[in-house]
Amino acid sequence: METFDTIVIGAGMSGLAAGIRLAQYDQRVVVLDRHSLWGGLNSFYKKKGRRFDVGLHALTNYVPKGTKGRPLTRILRQLRIPYDALQLGEQTGSRVSFPGVSLRWTNDFEVLRAEIADKFPGQIDGFDRLVRDIAGYPDLVEVEGEPPMARDELKAYITDQTLVEMLLLPLLYYGSPTPDDVEWASFIILFKSLYEEGFARPEGGVRTVLDLLRNRFKELGGELRMNNGVSRILSGQGGVEGVVLDDGTELRAPVVLSSAGYVETLGLTEAADVVSSADVGPLTFVEYLTVLDQRPADLGHDDTIVFFNTEDRLVYGPPEKGALVDDRSGVICCPDNYASAEPLPDALFRLTLLARHDTWTAMPEDEYVAAKERIWESAHATAAPYAFDARPHAVYVDGFTPRTIQKFTGHLGGAVYGSPRKQRSGRTPIDGLFLCGTDQGYLGIVGAMLSGIAMANQHALAVR
């Protein structure tokens, strides 16, 4: 039986960042993951000789090198990773499009402000007041009782419902576990990370970030054990005691940090009855990755990311019972449209849609394959007016569904943004067992790393 100072469950961004932070303080720490590739919800894979990113549309929270006091530069300082190692290329510009109106933004916040002043002139004073009021909020706000929701709070600033819907849609798609709304604290985090800071892409994609984290962890003496899933978390009267792996091996530690999710983590313990089906996140997605025969810019499309909505009221929730997807809204990402030292190996068109987990998982294999092909055709027809028609330029198509997400992340329901009930303190009913990652409350790739660092600092290092 091996003994560690801390066991970390999950080799995603938050788990690896937590491991690095602990190893910096000479803890004996092991990061465990059931799968062979590290990254969790933001990983990579290779198929037919092509390499694809999973999850990463953008590294949010972009700021230029040397910017102080922002989430990106803070995590790099704490992990001791040089800024230049990320090899970041900025977005050319993104937009949110509703019927008859669109708003564009870049990594220069004044572009978005000018768009709102032009298209919603009566709302610009309220928008400016919103920006001023949220400027002083911390990155994570502890709230007792029911948290306030963004729609309710925005009424004090913006009276045009279309502008409210347009500002919300990108934020919901990039971090909300709640249909049609988002907690106010999360809105503030997302608003700053998407609109005030912006989008960038590491040269080489998500693997650049993941390899930096993995290599840094190993350099510090941390142990990364892939293909080592956790079947049970051990605890006694004194709190957490360790874990049992899928093969029956026991590992002991007085602290366990889990990025597996709130419901999923407690499901491995004797406190499983604390959670209910209402704690399982309802939001999941289908994403298609279409390799093109031409670069998007050559087809007249320069936007990096487009969030589209075909109705006046935003659509963000589980599709109706029996449906596979809801294509009334979605996200189009063209990774070519980031500044890059070299062109990507393949021109790529990524389309993300809301999906229904139970419909996708109930189908036999032959129906499942046919459904993926059928939805690819119809969804790209719907998305074409917001970018271009990718179908005649497709040379290869792959994609993933809620079934894939649950298989490779273990998230019940294929829930990408986890449980609607966030545990911002990271604490669980079991002493010594803490959460990091999505269900702790930080959002996005930078947020995931920040979560791992914060929970390691507050809990795993504080007990020493």
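Points worth noting:
- Within the range 1-45, being hydrophobic (A, V, I, L, M, F, W, C) and part of a strand (DSSP E or B) holds for 7, 8, 9, 29, 30, 31, 32, 44.
- Any hit, the range 306-322, residues being β-branched (Val, Ile, Thr) and under 25 Å from residue 347 (Cα atoms): yes
- So residue 175, is it under 30 Å from residue 301 (Cβ atoms), outside the structural domain of residue 61 (by TED's automatic domain parsing) and at pLDDT below 95: yes
- For the range 310-334, filtering for residues that are surrounded by fewer than 21 Cβ atoms within 10 Å (Cβ to Cβ) and touching a strand residue (DSSP E or B) at 6+ places or on another chain (Cβ under 9 Å) leaves 11.
- A count restricted to the range 437-446 and to residues that are touching a Leu at 6+ places or on another chain (Cβ under 9 Å), over 21 Å from residue 29 (Cα atoms) and of a type outside the set (Ser, Thr, Tyr) stands at 5.
- Number of residues in the range 268-286 that are touching a helix residue (DSSP H, G or I) at 6+ places or on another chain (Cβ under 9 Å), in contact (Cβ under 8 Å) with a residue 40 or more places away in the chain and not hydrophobic (A, V, I, L, M, F, W, C): the value is 4.
- The listed residue being modelled with pLDDT under 95, more than 30 Å from residue 427 (Cβ to Cβ) and among the basic types (Lys, Arg), out of 207, 132: 207
- Among the conditions (1) modelled with pLDDT under 95; (2) crowded, with 16+ Cβ neighbours inside 10 Å, residue 278 misses just one, which is (2).
- Wholly within the range 341-435, strands (runs of 3 or more DSSP E) carrying at least 2 residues that are buried (at least 22 other Cβ atoms within 10 Å of the Cβ) and not hydroxyl-bearing (Ser, Thr, Tyr): 347-355, 433-435
- Whichever residue in the range 15-60 is among the small types (Gly, Ala, Ser) and at pLDDT 95 or above and, among such residues, is surrounded by the most Cβ atoms within 10 Å (Cβ to Cβ): 18
Rundown of residues vs (1) outside any helix (DSSP H, G or I); (2) in contact with a strand residue (DSSP E or B) (Cβ under 9 Å, 6 or more places away or on another chain), yes/no style:
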position	(1), (2)
169	no, yes
188	no, no
208	no, yes
233	yes, yes
241	yes, yes
244	yes, yes
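- The lone exception for residue 143 - which of (1) at pLDDT 90 or above; (2) in contact with a strand residue (DSSP E or B) (Cβ under 9 Å, 6 or more places away or on another chain) it fails: (1)
- Restricting 227, 215 to residues that are closer than 24 Å to residue 401 by Cα and either in a loop (DSSP other than H, G, I, E, B) or polar (S, T, N, Q) (or both) narrows the list to 227.
- Criterion: under 23 Å from the mean Cα position of the chain (by Cα), more than 30 Å from residue 380 (Cα to Cα) and surrounded by fewer than 21 Cβ atoms within 10 Å (Cβ to Cβ) - qualifying residue of 229, 261, 238: 229
- Residue match in the range 105-113 (condition: surrounded by 15 or more Cβ atoms within 10 Å (Cβ to Cβ) and without any contact (Cβ under 8 Å) to a residue 60 or more places away in the chain): yes
The values are calculated or read from the model by the stated rules, or taken from the named source; none is laboratory data. All values derive from a computational prediction rather than experimental measurement. Please note: Cβ atoms are built from the backbone with ideal geometry, for glycine as well, and neighbour counts cover all protein chains shown.
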